[in-house]
Amino acid sequence: MAQQSPPKPTLRQRLEILADAAKYDASCASSGTAKKNSLGGKGVGSTEGMGICHAYAPDGRCISLLKILLTNHCIFDCHYCINRKSANTPRARFTPQEVVDLTLNFYRRNYIEGLFLSSGIVRSANHTMEQLVEVARILREEHDFRGYIHLKTIPEAEPEIIHQAGLYADRVSINVELPTTAGLTRLAPDKNAGQIEGAMGRTKARIIEAKDERKRFRHAPRFAPAGQSTQMIVGADGANDAAIIGKASRLYGDFGLRRVYYSAFSPIPDASAVLPLKRPPLLREHRLYQSDWLMRFYGFAPQEVADAAEADGNLPLDIDPKLAWALKFRASFPVDVNRAPKEMLLRVPGLGTKAVARILASRRHRNLRLDDVARLTVSVAKVRPFICTVDWRPTFLTDRADLRGLLVRKSEQLELF
């Protein structure tokens, strides 16, 4: 008697599997919110888990995206990936037309404003990339879809297919996966660092070329107008934060990336023995994002951020990187808020870019007092050891041996009731 094959999962079951699998892709900024669900018919709307994430447009708008994989089948066997070939995980696959229909249906219900699409690799990199491009092509050409599209591209695919992706997508991204070449070779043997960076280099060149063509020819096609980004997994190999910061800085410089996203390694079921047993603290991911901000918006050089790390090369978890740097280089403080240049004010712990802009504007009209600065910051206690005002000098406070202890926020158990 012939054995019957298992029934094909319904569309909803596949959506559940492939939306959940996509949550490991961090190339968009998911909003933080309390977990709620609508099970049992009590209420409408769920903020739990996966499915819809948020990204921010260059003009600051928050965009809701349908975030899914085309498939979680994969011929690669990356040790850290839940979708790797040898993983015992439920598998599912959409056709390009099904992804198009889902996107349009969600869009017409006003659930989403765009699509974030990634995929495991089936048959070959070229075949999978063609399927991803086909989704974007149908949306753009057959339905005149003008919403945001972010496509994950596959560096092993032919450059011409990746080029097609950039013509339809607002943003494209290629994951560098791990901070070091040695880590990539050990944990993702099917991937090649040179191939990944080669694809990123061609994408950068094409973005520049397309911008130049648009200046000369009004109707020249756009190519990934929202640029390219990448993602690094933190904690799966032995790379410390100083190495990760150095890698991120090089990626920004060499490939003109809009963002480098950091994703703390998350232990997966039936994990390979070469992986660490424990996940890194999520706070480490947060500190790396803060260091990223210091390089992009506060004028810190990569080496300066790395200098804030502790002896093991990792950033301290109990204080932010800017405070860690200030405590290490106290000779640069105190800073006179009424006279110091913008570059030095941006190095004062507790002063953000908006606070510094307001200080620069206000001091044109009058000398600032400590109370004036206090109104611009969340914690004047954090700022006080590092600044001078008309009515305040920290005297010996800046050099106190126990200053770090005075500034670290005490952790406390919150009330349960």
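Worth a mention:
- Angle in degrees between helix 193-216 and the longest Cα principal axis of the chain, rounded to the nearest 10: 80 degrees
- Within a Gaussian network of the chain (alpha carbon springs, distance under 10 Å), most fluctuating of ILE359, ILE162, ILE154: ILE359
- In the structure shown, the pairs LYS67/LYS204; LYS67/LYS382; LYS191/LYS278 are assessed against 30 Å; a Cα-Cα span above that value is assigned to LYS67/LYS382.
- Taking Lys and Arg as +1 and Asp and Glu as -1, the other residues whose beta-carbon sits under 12 Å from that of PHE223 total +3.
- 3J(HN,Hα) from dihedral phi, the range 360-365, Karplus parametrisation 6.51/-1.76/1.60, rounded to Hz, x for glycine, proline: 4, 6, 5, 6, 5, 9
- Top of ALA210, ALA311, ALA22 by mean-square fluctuation, Gaussian network on the chain, Cα under 10 Å: ALA311
- Between VAL335 and ILE387, CYS388, the built amide H atoms are under 5 Å apart, and every one of these is 5 or more places off in sequence or on another chain.
- Using a Gaussian network model of the chain in which every pair of alpha carbons under 10 angstrom is joined by a spring, one finds that among THR181, THR153, THR353 the greatest mean-square fluctuation is at THR353.
- Nearest-ten-degree value, helix 96-108 long axis tilted from longest Cα axis of the chain: 50 degrees
- Label reach from VAL274 (point 7 Å along Cα→C-beta): in the range 102-125, amide nitrogens under 19 Å belong to 121.
- Computed over protein heavy atoms with a 1.4 Å probe, the accessible surface of the chain works out to 53 Å² per residue.
- Accessible carbon and sulfur surface of the chain relative to its total accessible area, %, 1.4 Å: 52 percent
- Listed candidates (1) 24.3, 92; (2) 21.4, 66; (3) 19.7, 63 - label of the one calculated as Rg and Dmax of the Cα atoms in Å: (1)
- From helices alone, the chain scores -10500 deg cm²/dmol at 222 nm; the rule is -39500 (n - 2.57) for each run of n ≥ 4 DSSP H residues, then divide by the residue total.
The values are calculated or read from the model by the stated rules, or taken from the named source; none is laboratory data. Computed from a predicted model, the values in this text were never measured in an experiment. Because the Cβ atoms are built from the backbone with ideal geometry, glycine has one as well, and the counts that use them run over all protein chains shown. Only protein heavy atoms, including side chains, enter the accessible area calculation; ligands, DNA and RNA are left aside. Shrake-Rupley method; radii C 1.70, N 1.55, O 1.52, S 1.80 Å.
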